[in-house]
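The values are calculated or read from the model by the stated rules, or taken from the named source; none is laboratory data. Owing to the predicted nature of the structure, the values given are computational and were not obtained by experimental measurement. Note: ideal-geometry Cβ built from the backbone for every residue, glycine included; neighbour counts use all protein chains shown. Accessible surface is based on the protein model in full, side chains and every heavy atom, while ligands, DNA and RNA are left aside. Shrake-Rupley method; radii C 1.70, N 1.55, O 1.52, S 1.80 Å.
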Amino acid sequence: MSIQAQKVVTINYTLKNDAGETIDASNDNSFCYLHGANNIIPGLEDALAGKTSNEKFSIVIPPEDAYGEYNPAIQQVVDKSMFGDEQVEVGMQFHAQADDGNLIMITIAEVNGDQVTIDGNHPLAGVTLHYDIHVVDIRDATSEELEHGHVHSHGHSCEH
Ligand code: ZN
């Protein structure tokens with residue numbers, strides 16, 4: 001079976017940056033997604049198309065096919081009072097609703113007295129991604145999964 005639309009794909013992966021530092025890895029929790037449903041970044045979905053079970057490969061994905069270029073325009077300075085009683089620290093992340101209604105991840109970039117710089121870039125914006133991928137399993141999606149556009153995994157298992 002090869003990877004194509006309407007398949008549920010299970011992979012193990014290691015993700016590194018240009019410096020060779022590991023940013024993320026599946027470790028003991030295999031990752032699964034529904035192919036062809038925009039569940040994952042476009043560069044990774046393209047690279048996985050046509051691959052078969054047990055295949056291992058490496059792929060380098062530029063920011064434009066991953067989390068986008070870093071956009072300095074979506075940094076904003078806000079007043080600390082906006083956070084109420086909450087402790088505000090550099091590196092803290094929270095979700096906020098964007099103008100288009102989508103949830104975006106906001107990161108606290110700087111705290112200077114009462115001035116807090118928040119950054120709406122994805123933490124991996126501007127980062128070239130180096131993936132080592134092992135395709136563990138490919139199965140047909142259920143009709144319910146296709147209807148929902150995502151995988152229904154039970155517990156840690158990606159099997160239906
Ligand atoms: Zn669902």
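Here Phe94 clears all of (1) of a type in the set (Phe, Trp, Tyr); (2) surrounded by 14 or more Cβ atoms within 10 Å (Cβ to Cβ); (3) modelled with pLDDT under 90 except the condition numbered (2). Selection of the range 109-124 for residues being under 11 Å from Lys80 (Cα atoms) and either among the hydroxyl-bearing types (Ser, Thr, Tyr) or in contact with a Gly (Cβ under 9 Å, 6 or more places away or on another chain) (or both) yields only Thr117. Which ones in the range 15-51 are under 13 Å from the mean Cα position of the chain (by Cα) and polar (S, T, N, Q)? Passing the criteria: Ser26, Asn38, Asn39.
Listed by first and then second residue, the pairs linking a residue in the range 33-54 that is β-branched (Val, Ile, Thr) to a residue that is outside any loop (DSSP other than H, G, I, E, B) and open to solvent by 20 Å² or more (accessible area, probe 1.4 Å), with Cβ atoms under 7 Å apart and 6 or more places separating them unless they lie on different chains, are Ile41/Asp65; Thr52/Ser2. Considering the range 30-124, the qualifying strands (runs of 3 or more DSSP E), each wholly inside and each with 3 or more residues that are among the aliphatic types (A, V, I, L, M) and not assigned by TED's automatic domain parsing to the domain that holds Gly20, run over 103-112. Any residue in the range 126-155 that is within 11 Å of the ligand (Cβ to nearest atom) sitting within a Cβ distance under 7 Å of a residue that is assigned to a helix (DSSP H, G or I) and not basic (Lys, Arg)? List the pairs, counting only those 6 or more apart or interchain. So the pair list comes out as Val151/Glu145; His152/Glu144; His152/Glu145. Evaluation of Tyr67 against the conditions (1) open to solvent by 60 Å² or more (accessible area, probe 1.4 Å); (2) in contact with a strand residue (DSSP E or B) (Cβ under 6 Å, 6 or more places away or on another chain) shows that the sole unmet condition is (2).
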